[in-house]
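The structure appears right after this line, and notes come after that.
The values are calculated or read from the model by the stated rules, or taken from the named source; none is laboratory data. Predicted, not measured: the structure shown is a model, and the values here were computed from it. All Cβ positions, even for glycine, are placed from backbone atoms using ideal geometry, and neighbour counts span all protein chains on display. For accessibility, only protein heavy atoms count, side chains too; no ligands or nucleic acids. Shrake-Rupley method; radii C 1.70, N 1.55, O 1.52, S 1.80 Å.
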Amino acid sequence: TMKKQTFILFIILSVLCVNTQAAKIRALFLGNSYTENNNLPGLVAQFALAAGDTLEYKSNTPGGHTLQNHFANATSLSLIEEGDWDFVILQEQSQLPAFPDGQVAVQMFPYAEMLSDHIKLHNADATVLFYMTWGRKNGDQQNCDLFPPLCTYEGMDSMLQLRYTMMAEYNEAAIAPVAKVWRKLRNDHPGIELYSSDESHPSNNGSFAAACTFYAVMFRKDPTQSNYNFTVSPDVADIIRNVTKEVVFDDLSFWYRFVGGSGIGVPTIHSEILLYPNPASDRLTICVSQPVTHLVIHDITGKEHLTQNITAHNTDFSLNINHLPAGVYLISLFDGRKKLRTETVVIDNH
């Protein structure tokens, strides 16, 4: 009958529509034990499969490897040169991005740039994706005396978020903000244990949160649409999926905001604009060697907190920031309508 034929046609069209929505992505993961633990790439693939999507991946994750190590690693370079990747994920050693400015300027930023350039040379359409990892459960006590922000989870985590944001901006890359998801889970659902017994590596819950984040970023899809739970209890898995949706999927454009931008290059000691200290409290010193008419400070949600006019040339000036809540901020400096530079600064007034 006509009604039966119409119903069958509707079913066929529905199936076709679902199939056309399925996505296939090829990704290369370059990292260390934070990527290898619980086979994170495999978890992302299983999470995607449960939502009808496909992740093909390869990885190179030697324990403790830095970006500098990967740039000297023949396997990593060969995998990059295979080409045809949709995403190449870069994960730095877990502590290094939280170290003092001078150390990361020498040991991290140049290798993030060289790897990113190598990726783009051999993969014209690939997106470089930085895996923003988290602070240790109680900070990095081993290095606490060397750099005070490392003494607490909040301080270390803020530094990691800052430096991964800087690497993404300098290299026109996207961010997989796993640290952001962990921070919200720690704050809102403290009963969910994200760490393994060493208080550094992820537990099954922690790796599941990372997998949710990577799925949302790479496939640009709502993670609550996948019913894959790994070994996580259904209730906890639902909480993690919903938090990831809120932090990542509902704000995807923010995590891709640097892709296709103009890029501002790797910072050096010869930079024409310097901001210090970083992290800062009470006052921030800005050194400029070119005309700057004003600056604007936004938080990472895009909310504007301060606009200040400046008349400075070849000089330093100090900015009062003690009224700003603790957090990560973007400070943009302008000469008239021309934006000269945007820097990321951690403010810790409490």
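Grab every C-alpha pair in the stretch 38-111, bin the distances at 10 angstrom width from 0 up to the longest one, and report whole percents.
16, 40, 31, 12, 1
Could you tell me whether the stretch 150-219 comes out rounded, prolate or oblate from its Cα gyration tensor? Rule is a ≥ b ≥ c as square roots of the eigenvalues, rounded for a/c under 1.5, then prolate if a/b exceeds b/c, otherwise oblate.
Cα axes put the stretch 150-219 in the oblate bin.
With unit charges on the beta carbon (Lys/Arg positive, Asp/Glu negative), name the residue among HIS294, GLN21, LEU43 whose Cα is farthest towards the positive pole of the charge dipole of the chain.
Sorting the options by dipole projection puts first GLN21.
Quick check: from the Cα gyration tensor, does the stretch 189-257 come out rounded (a/c under 1.5), prolate or oblate?
Prolate, because a/c is 1.5 or more and a/b exceeds b/c.
Choose one of LEU162, PHE130, PRO110: the residue whose Cα lies farthest towards the positive end of the charge dipole of the stretch 80-207 (beta-carbon charges +1 Lys, Arg; -1 Asp, Glu; about the Cα centre).
In the stretch 80-207, that residue is LEU162.
Give me the net charge of ASN322's neighbourhood, meaning all other residues with Cβ under 15 Å from the Cβ of ASN322; Lys, Arg count +1, Asp, Glu -1.
-1
For the chain, with only Lys/Arg (+1) and Asp/Glu (-1) charged at the beta-carbon, what is the dipole magnitude about the Cα centre, in debye rounded to 20?
1000
Say a site is exposed when it is one of the trypsin sites (Lys or Arg not before Pro), sits in a DSSP loop, and has at most 10 other Cβ atoms within 10 Å; what is then the longest site-free stretch of the chain?
1-302
In the stretch 59-138, which GluC sites (Glu not before Pro) are in a loop and have at most 14 other Cβ atoms within 10 Å, using DSSP for the loop call?
Counting only loop positions with at most 14 other Cβ atoms within 10 Å, the GluC sites (Glu not before Pro) in the stretch 59-138 are GLU82.
Quick one: grab the alpha carbon gyration tensor of the stretch 106-213, order the square roots of its eigenvalues as a ≥ b ≥ c, and give me rounded if a/c is under 1.5, else prolate or oblate depending on whether a/b is larger than b/c.
oblate
Any aspartates and glutamates with Cα under 19 Å of the LYS221 Cα? List them, leaving off those in the same chain fewer than 8 positions away.
ASP53, GLU56, ASP86, ASP238, GLU246, ASP250, ASP251
What number comes out for accessible area per residue over the chain if the probe is 1.4 Å? Units Å², please.
Ligands and nucleic acids excluded, the figure is 45 Å² per residue.
Provide the solvent-accessible area of SER233, counting protein heavy atoms only and rolling a 1.4 Å probe, rounded to the nearest 10 Å².
About 60 Å², ignoring ligands and nucleic acids.
Rounded to the nearest percent, how much of the accessible area of the chain (1.4 Å probe, protein heavy atoms only) is carbon and sulfur?
Result for the chain: 52 percent of the exposed heavy-atom area is carbon or sulfur.
Which of the residue pairs LYS245/LYS339; LYS137/LYS245; LYS24/LYS245; LYS303/LYS339 have a Cα-Cα distance greater than 27 Å in the structure shown?
LYS245/LYS339
If I build a Gaussian network model for the chain, linking alpha-carbon pairs within less than 10 angstrom, which residue out of GLN290, GLN95, GLN68 has the largest mean-square fluctuation?
GLN290
Work out, in µm²/s and without decimals, the Stokes-Einstein translational diffusion coefficient of the chain at 20 °C, 1.002 mPa s, Rh from Kirkwood over C-alpha pairs.
100
Provide the net charge surrounding ASN73, with neighbours chosen by a C-beta distance below 15 Å and charges set as Lys +1, Arg +1, Asp -1, Glu -1.
The answer is -3.
Have a look at TYR228, PHE99, SER203 and report the one farthest towards the positive end of the charge dipole of the chain, computed about the Cα centre with Cβ charges (Lys/Arg +1, Asp/Glu -1).
TYR228
How big is the gap, in Å, between the Cα center of the stretch 149-227 and the Cα center of the stretch 57-79?
21
Whole-Hz ³J(HN,Hα) for each residue in the stretch 72-87, computed from phi via Karplus 6.51 cos²θ - 1.76 cosθ + 1.60 with θ = phi - 60°, x for glycine and proline: what do you get?
9, 9, 4, 5, 4, 5, 5, 5, 4, 6, 4, x, 6, 7, 7, 9
Can you tell me the dipole magnitude for the stretch 125-186 around its Cα centre, using point charges on the Cβ only (Lys, Arg +1; Asp, Glu -1), in Debye to the nearest 20?
360
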